[in-house]
Structure formats: structure tokens, C-alpha cells
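Asks: The following block contains the structure, expressed as C-alpha cells.
Coordinate-derived values only; no laboratory data. Note that the structure is predicted; figures quoted are calculated from it, not measured. When we count neighbours, we look across all protein chains shown, and the Cβ atoms used for this are built from the backbone with ideal geometry, even at glycine.
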Amino acid sequence: MIARVATFGSFDPKTLDSASVEHLRKTIKSAPGYIAGFHLWNPETGKAVSLAVYESREGLEAAGRALAESAWDEPGRDPEPDEVDYYTEVIEF
């Protein structure tokens, strides 16, 4: 398994277009090997985390290609994370 964790130091979900967010989530979930995904937001601090877990790196890369082909990553379309990390030791509990 592999997990992609993107962190945002300052985030306001009210600035996002709900149809675009649904498109993002649907595209990610349709990638081969998708296991789980969560968008986390703390309204008190404004911090947010996007977490997606896949069976393999190939599934994660397929999701990235699908998003690129859908023009989701056009400048200004989505907030840029402050940091993105990948974890290859994923243990479900």
C-alpha cells in the first residue's frame, strides 16, 4: 500500500467550487487500487489534510494522470498544498 498525505497550513473550504471538489473526489476514487480517502479540516486553526490510500504506487500515479487529464490541476483551480508526503508503510488498525 501507499498513502499520499497533503497538508495545508491555511485553508478555507468555502473558497472551493463544490462541483469541482466532487469531480476531484470521483476521479481519485475511480483510479485502480483506490482504498480510502479523506479530506480533514480544522476550522479553528485553518489547517487541512488530504489523505488518499492506494494498493500500489501505480494506482496513485493513475489517479494523478487522471486528474491532470481532467484539467483539475490548472493554476488557480485548487489550493496548492504546503507539503506532500508519500508513505509506503501503511498499517490499517
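Asks: Taking the Cβ-Cβ separation of SER18 and ILE91 as r and a Förster radius of 35 Å, what is the calculated FRET efficiency to the nearest 0.05?
Replies: Efficiency computed from Cβ-Cβ geometry: 0.60.
Asks: Below 11 angstrom from the Cβ of ALA52, what's the summed charge of the other residues (Lys, Arg +1; Asp, Glu -1)?
Replies: +3
Asks: Sequence-distant or interchain residues sharing an amide H contact under 5 Å with SER56, placed H: which?
Replies: ILE2
Asks: Something else: Which of the peptides 50-62, 32-44 is most tightly packed, and how do the rest follow, judged by the mean count of other Cβ atoms within 10 Å per residue?
Replies: Highest-to-lowest ranking by the protection proxy: 50-62, 32-44.
Asks: Calculated from DSSP H runs of 4 or more alone, at -39500 (n - 2.57) each and per residue, what is the 222 nm mean residue ellipticity of the chain, nearest 500?
Replies: When only DSSP H runs of four or more count, the value is -8500 deg cm²/dmol.
Asks: Then there's this: So for the chain, taking the charge dipole from beta-carbon charges (+1 Lys/Arg, -1 Asp/Glu), which of VAL21, VAL5, ILE91 sits furthest toward the positive end?
Replies: After comparing all options, I get VAL21.
Asks: Can I ask one more? In µm²/s, what is D for the chain at 4 °C and 1.567 mPa s, where D = kT/(6 pi eta Rh) by Stokes-Einstein and Rh is the Kirkwood radius from Cα pairs?
Replies: Calculated translational D: 94 µm²/s.
Asks: While we're on this one: Quick one: net charge around THR88, please, counting Lys, Arg +1 and Asp, Glu -1 for every other residue with C-beta under 15 Å from its C-beta.
Replies: -4
Asks: Given Cβ point charges of +1 (Lys, Arg) and -1 (Asp, Glu) and nothing else, what value in debye, to the nearest 20, does the dipole of the chain about its Cα centre take?
Replies: 260 debye
Asks: Which of these, LYS47, LYS26, LYS14, has the largest mean-square fluctuation under a Gaussian network model of the chain (Cα springs below 10 Å)?
Replies: In the Gaussian network model the winner is LYS14.
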